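The values are calculated or read from the model by the stated rules, or taken from the named source; none is laboratory data. Keep in mind that this is a model prediction, so the values were computed, not measured. Here the Cβ positions follow ideal geometry from the backbone for every residue, glycine too, while neighbour counts run over all protein chains shown.
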Amino acid sequence: MENKKLNITMVSCSGASNTGCYADRVSRILTESGQTDMICLPKIAINDVKLIEKCKKSTNKIVIIDGCPLNCAKKILEDHGISNFIHINTTDFGITKGKTPLTDDKLNEMINHIKSLAD
């Protein structure tokens with residue numbers, strides 16, 4: 001896997017289900033490899049004004065990964081006036097809440113999709 005720095009900042013659901021685990025793990029893999037940056041979603045939720053303003057002015061593509069159709073991460077950003085993002089959901093990749101085990105194949109499918117967004 002090429003570790004080229006992408007112009008992407010990740011925001012991830014980290015919910016308690018397998019779908020939240022997928023969202024979180026994909027974001028962490030990309031961030032730990034140095035390819036993306038990652039924002040702490042709870043800091044947005046608690047109204048960290050500095051971080052919210054940074055997001056609003058970001059020249060990076062902000063990619064939100066939600067773990068289920070509730071779309072909590074998307075709603076949190078929207079509730080704080082952040083709209084400059086690309087939203088994906090783990091369920092878009094055939095991952096079923098409570099059923100799909102965490103696999104490298106599915107992780108890589110999601111990672112490759114996110115990398116394609118940088119183009």
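Residues in region 94-107 that are assigned to a helix (DSSP H, G or I), touching a residue at least 60 places away in the same chain (Cβ under 8 Å) and either among the hydrophobic types (A, V, I, L, M, F, W, C) or out of contact with any Phe, Trp or Tyr (no Cβ under 8 Å at 6 or more places or on another chain) (or both): LEU107 alone.
When each of ASP37, ASP24 is tested for being closer than 17 Å to ILE62 by Cα, modelled with pLDDT of 95 or more, touching a Cys at 6+ places or on another chain (Cβ under 8 Å) and acidic (Asp, Glu), the lone residue that passes is ASP24.
Of the candidates LEU107, LEU77, the single residue that is under 14 Å from the mean Cα position of the chain (by Cα) and over 25 Å from ASN47 (Cβ atoms) is LEU107. Report yes if CYS21 is hydrophobic (A, V, I, L, M, F, W, C) and either surrounded by 15 or more Cβ atoms within 10 Å (Cβ to Cβ) or more than 11 Å from the chain's Cα centre (by Cα) (or both), otherwise no. Yes, satisfied. Taken together, the residues in region 30-66 that are among the aliphatic types (A, V, I, L, M), out of contact with any Ser or Thr (no Cβ under 8 Å at 6 or more places or on another chain) and surrounded by 18 or more Cβ atoms within 10 Å (Cβ to Cβ) amount to 1.
For PRO69, the criteria (1) closer than 17 Å to ILE44 by Cβ; (2) at pLDDT below 95; (3) not β-branched (Val, Ile, Thr) hold in every case but one, which is (1).
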